[in-house]
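Student: This is the structure I want to talk about, given as structure tokens.
The values are calculated or read from the model by the stated rules, or taken from the named source; none is laboratory data. All values derive from a computational prediction rather than experimental measurement. Neighbour counts run over all protein chains shown; Cβ positions are idealised from the backbone, glycine included. Protein only, heavy atoms only, side chains kept; ligands, DNA and RNA dropped before computing areas. Shrake-Rupley method; radii C 1.70, N 1.55, O 1.52, S 1.80 Å.
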Amino acid sequence: MSLDYAALFEQGLDYNAFLTKYGNPAQQDRWAAVHREVRLDPAQRELLAGFTREMKVLVSAGAWCGDCINQCPVFDHFAGANENIRVRFFDRDDHSEFAAAISTCGAHRVPSVLFLSEDNFVCGRYGDRTLATYRHMAATQLGPSCPTGIGAVNVDLLTAVTAEWLAEFERIQLMLRLSGRLREKHGD
């Protein structure tokens, strides 16, 4: 399936607009609670500040989705740390063609992220959960353990998730920075 990524990117919403349009007050409160807990340490801020190539980040998400609530605020912090990180959110159900194009494990899982170059070439995709999240889920859902349900933000898990997402953003940035095509274009 081929999508016009340039046109699609322009249809996307920034973090706040996405939540305003798609989130009910309870969902917005849950997203805000996680957003308040995201912490970028000085080394992470320095790393993000060094991103010189524009990267477009398209996120298929759902305001209702617990995984989105626990991960998407991280993307907003990354975008806030460097204007070259341009994140746009798409409701999974309203943008079902995009969700289908980046489906994972046979489903429209969220959040799913598609990374594009400044000129709309696909550089990578990631999601729906990080390794830390899957490890946490396995520890609480497989075997004799059981999940505790909705509760306070798991700050330790959020810290691990933030680091894993940052590693993926850095990988894509380095891909863009070292691209022969883009180095020729930018003369660097």
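Student: Does at least one position in the range 142-159 carry a residue that is within 15 Å of the chain's Cα centre (by Cα) and either of a type in the set (K, R) or assigned to a helix (DSSP H, G or I) (or both)? Even if it seems obvious, please write down each step before you answer.
Tutor: Taking the range 142-159 and keeping what is within 15 Å of the chain's Cα centre (by Cα), we get 158-159.
Now drop any that are not either of a type in the set (K, R) or assigned to a helix (DSSP H, G or I) (or both), which leaves 158-159.
Scanning the range 142-159 turns up at least one residue that is within 15 Å of the chain's Cα centre (by Cα) and either of a type in the set (K, R) or assigned to a helix (DSSP H, G or I) (or both).
Student: Taking D4 as meeting all but one of (1) more than 19 Å from D93 (Cα to Cα); (2) out of contact with any strand residue (DSSP E or B) (no Cβ under 9 Å at 6 or more places or on another chain); (3) of a type in the set (D, E), write down the number of the exception.
Tutor: Evaluating D4 over (1) more than 19 Å from D93 (Cα to Cα); (2) out of contact with any strand residue (DSSP E or B) (no Cβ under 9 Å at 6 or more places or on another chain); (3) of a type in the set (D, E) leaves (1) as the failure.
Student: Looking for something closer than 19 Å to D93 by Cα and open to solvent by less than 40 Å² (accessible area, probe 1.4 Å) - is there at least one such residue anywhere in the range 20-30?
Tutor: Yes, because at least one residue in the range 20-30 is closer than 19 Å to D93 by Cα and open to solvent by less than 40 Å² (accessible area, probe 1.4 Å).
Student: Pick from the range 3-16 the residues that are open to solvent by less than 50 Å² (accessible area, probe 1.4 Å) and touching a residue at least 12 places away in the same chain (Cβ under 8 Å): which of them is nearest to L157 (Cα to Cα)? Spell out how you get there, then give the answer.
Tutor: Let us first name the residues in the range 3-16 that are open to solvent by less than 50 Å² (accessible area, probe 1.4 Å), namely 3, 5-9, 12-13, 15.
Restricting the remaining residues to those that are touching a residue at least 12 places away in the same chain (Cβ under 8 Å) gives 3, 5-6, 8-9, 12-13, 15.
Numbers: L3: 34, Y5: 32, A6: 34, L8: 32, F9: 30, G12: 28, L13: 27, Y15: 22 Å.
This residue is Y15.
Student: If you don't mind, there's one more thing I want to ask. Could you identify the single residue in L116, L131 that is open to solvent by 40 Å² or more (accessible area, probe 1.4 Å) and of a type in the set (A, V, I, L, M)?
Tutor: Working: L116 fails: open to solvent by 40 Å² or more (accessible area, probe 1.4 Å).
Result: L131 is the single residue among L116, L131 that is open to solvent by 40 Å² or more (accessible area, probe 1.4 Å) and of a type in the set (A, V, I, L, M).
Student: Would you confirm, using the coordinates I've provided, whether E184 is at pLDDT 95 or above and exposed (fewer than 14 other Cβ atoms within 10 Å of the Cβ)? Before the answer, list the steps.
Tutor: Details: at pLDDT 95 or above: yes; exposed (fewer than 14 other Cβ atoms within 10 Å of the Cβ): yes.
Criteria met by E184.
Student: Assess whether E46 counts as being closer than 30 Å to R183 by Cβ and free of Cβ contacts under 8 Å to residues at least 12 places away in the same chain. It would help to see each step written out before you state the result.
Tutor: Values: closer than 30 Å to R183 by Cβ: yes; free of Cβ contacts under 8 Å to residues at least 12 places away in the same chain: yes.
Spelling it out, E46 is indeed closer than 30 Å to R183 by Cβ and free of Cβ contacts under 8 Å to residues at least 12 places away in the same chain.
Student: While we're on this one: Any residue in the range 153-171 that is touching a residue at least 60 places away in the same chain (Cβ under 8 Å) and open to solvent by 60 Å² or more (accessible area, probe 1.4 Å) sitting within a Cβ distance under 6 Å of a residue that is β-branched (V, I, T) and outside any helix (DSSP H, G or I)? List the pairs, counting only those 6 or more apart or interchain.
Tutor: Sorted first by the residue in the range 153-171, then by its partner, the list stays empty.
Student: Further question: What residue, of I102, I85, is touching a residue at least 24 places away in the same chain (Cβ under 8 Å), surrounded by 20 or more Cβ atoms within 10 Å (Cβ to Cβ), closer than 18 Å to E10 by Cβ and touching a His at 6+ places or on another chain (Cβ under 9 Å)?
Tutor: Values: I85 fails: touching a His at 6+ places or on another chain (Cβ under 9 Å).
On inspection, the qualifying residue turns out to be I102.
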